[in-house]
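Q: Just dropping this structure here.
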Amino acid sequence: MLQTVSVNIVRVLFLVLLQALVVSRVQLFDGLIFPWVYIFAILMLPFETPKWFVMLVGFMVGLLMDYFSGPIGLHTSACIFLGFLQPIVQKILAPREGYDLTQRPTVQRMGLAWYVTYAGVLTLAHHSWFFVMEVFRFSDFLYQVLHILLSTFATLVLMTIGQYLIYNSKNASL
Amino acid sequence: MKNILALLRRFYLFLLFLALQGLALSLLFRNNRFHSAEMVRHSSDLVGSVYSRRSQLSEYLRLGEINDQLSLENALLRSAASENYWQLRTEKDSLRDTTTMQRYFYRTAKVVNASVNREKNYITIDRGMLGEVRADMGVIAGGNIVGVVRSASEHFAVVMPVIHSDFKASVRLKRSGAFGSLVWRGGNAQLADVIDIPKNIPVASGDTIVTSGYSTYFPANIHVGVVEWVDDTDNDYHLIKVRMGADFRRLDHVLVVSDIFKEEQDTLLNKVEQQDAANSKR
């Protein structure tokens, strides 16, 4: 239990710093593609995490991210939304025999198709909420939609690669 | 009562969601105002020191390029120094020149963090109150305007660059002297707009835009950029796209301009405005 908590805290700190110091500095096509990979920390919470706590974690992770970039409240709002949807999406995607509650939603455990659906839906929801709250103008409607879709895709690719890099059988506890 | 409790139990997640969203959005909209606490947080010493570590590292990797920039600027300044000027007149009235008085003072600072591809971009620099950097001072780099200091903590300050949707500065066309406002409306981080210049004033691409010196942020005649193209389809004013001289993607050394007369000028204007307000009330 204690180990799970500390691993998650370290993961949050690592991902927020990775986002602020590395990923946010990568500028693809004038900011058209802007991945927010720090949400990986919320997506990776164990299945047994209470629903209200997922939302609270979203609140705290978002607030931490806001301290590094953007006006305060923007990431917070998007991550609360993500934390609200996460248990709902998990319920919809639940396998027939249910989840092994002590596990986390990884590719190794749940399979690539399941993972991409799960992370894809949630990332799209988070990014849409975030970009709409940040700036929305009907004048550039197509550009905004493209921005959201490409950024979602980039985040998803980065998170999936990250899964393969980190979660092999050797360090399954991380 | 039992029903209400059952209802609460059923919808507590959604209620919690609404409560947390309310909190987040109130933070967001309260902090979006000009001169807000948001800035203090951006320049907070903890986040600032994390960013300054990172910029130390990336600066090290770009030392060659930075050296080139600095030596170029040195050469320009050296050639402007008075000993390089040949005296046309041989006699001098006095040794001390009392006809001028220093008005603007420049301090160096280094950029520790900057964003360019958001709607509201900010630049964090490594000089704050201890380095005599205060809100409302202008920031320039390589002779081009960059932005205005919004807020300073002890060791850091946050600058609102031209590429921030709330930025506005008074500029003029160098050729005709006509005044306009410099704004930025998102998109390309090198292109800004100059608005409020009437159509009867000729503007062509390639014209130089400089600061007007009307505000106390910048001295007059600081280079802003060069006119890229002019759009005349709309109403009575030109829409002028300006390619800015400062490269916001690679800023490292900047100068913070402090106006020694600022307080005097602002107080005087305030006084007159207050008098007028009092008069009109009477």
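Q: Among the residues of the stretch B:7-28, write down those that are surrounded by 11 or more Cβ atoms within 10 Å (Cβ to Cβ), modelled with pLDDT under 80 and either more than 7 Å from chain A (Cβ to nearest Cβ) or under 25 Å from A:PRO87 (Cα atoms) (or both).
A: Passing the criteria: only B:LEU7.
Q: Quickly run through the stretch B:106-119 and pick out the residues that are among the polar types (S, T, N, Q) and in a strand (DSSP E or B). It would help to see each step written out before you state the result.
A: Step one: list which residues in the stretch B:106-119 are among the polar types (S, T, N, Q), which gives B:108, B:113, B:115, B:117.
Listed by number, the residues that qualify are B:THR108, B:ASN113.
Q: I need the full set of residues from the stretch B:59-77 which are closer than 17 Å to B:VAL111 by Cα and among the hydrophobic types (A, V, I, L, M, F, W, C), in order please.
A: Scanning the stretch B:59-77 gives B:LEU61, B:LEU63, B:ILE66, B:LEU70.
Q: Residues in the stretch A:99-151 that are under 27 Å from B:GLN21 (Cβ atoms) and β-branched (Val, Ile, Thr): how many?
A: The qualifying residues number 7.
Q: Can you tell me which condition B:ARG249 does not meet? The list is (1) in a loop (DSSP other than H, G, I, E, B); (2) touching a residue at least 12 places away in the same chain (Cβ under 8 Å); (3) within 14 Å of chain A (Cβ to nearest Cβ), and all the others hold.
A: (1)
Q: So, one more: State all residues of the stretch B:234-246 that are over 22 Å from B:ARG118 (Cβ atoms), touching a strand residue (DSSP E or B) at 6+ places or on another chain (Cβ under 8 Å) and part of a loop (DSSP other than H, G, I, E, B); if no residue qualifies, say none.
A: Passing the criteria: B:ASP236, B:HIS238.
Q: With respect to the numbered conditions (1) within 17 Å of the chain's Cα centre (by Cα); (2) among the aliphatic types (A, V, I, L, M); (3) crowded, with 18+ Cβ neighbours inside 10 Å, which one is the sole condition not fulfilled by B:LEU191?
A: Of the numbered conditions (1) within 17 Å of the chain's Cα centre (by Cα); (2) among the aliphatic types (A, V, I, L, M); (3) crowded, with 18+ Cβ neighbours inside 10 Å, the odd one out for B:LEU191 is (3).
Q: Continuing with this model, one more query. Which strands (runs of 3 or more DSSP E) sit wholly inside the stretch B:120-228 and have at least 2 residues that are within 18 Å of B:ARG249 (Cα to Cα) and in contact (Cβ under 8 Å) with a residue 12 or more places away in the chain?
A: B:123-125, B:138-141, B:144-152, B:157-161, B:191-195
Q: Only one of (1) buried (at least 18 other Cβ atoms within 10 Å of the Cβ); (2) over 27 Å from A:TYR143 (Cα atoms) fails for B:ARG175. Which number is that?
A: So the condition that B:ARG175 fails would be (1).
Q: Given the conditions (1) modelled with pLDDT of 90 or more; (2) crowded, with 18+ Cβ neighbours inside 10 Å; (3) closer than 15 Å to B:ASN144 by Cβ, report the number of the one that B:VAL226 does not fulfil.
A: With (1) modelled with pLDDT of 90 or more; (2) crowded, with 18+ Cβ neighbours inside 10 Å; (3) closer than 15 Å to B:ASN144 by Cβ applied to B:VAL226, the lone miss is (2).
Q: Go through the residues of the stretch B:145-154 one by one and say whether even a single one is modelled with pLDDT under 90, in contact with a Leu (Cβ under 6 Å, 6 or more places away or on another chain) and not aromatic (Phe, Trp, Tyr).
A: Yes; the residues of the stretch B:145-154 include at least one that is modelled with pLDDT under 90, in contact with a Leu (Cβ under 6 Å, 6 or more places away or on another chain) and not aromatic (Phe, Trp, Tyr).
Q: Can A:GLN103 be described as buried (at least 24 other Cβ atoms within 10 Å of the Cβ), in contact (Cβ under 8 Å) with a residue 40 or more places away in the chain and more than 30 Å from B:HIS164 (Cα to Cα)?
A: no
Q: Mind checking whether some residue in the stretch A:43-54 is in contact (Cβ under 8 Å) with a residue 24 or more places away in the chain, among the aromatic types (Phe, Trp, Tyr) and within 26 Å of A:ALA154 (Cβ to Cβ)?
A: no
The values are calculated or read from the model by the stated rules, or taken from the named source; none is laboratory data. A quick note: this is a predicted structure, and the numbers were derived from the prediction, not measured. Positions of Cβ are generated from backbone atoms using ideal geometry, with glycine treated the same way; all protein chains shown enter the neighbour counts.
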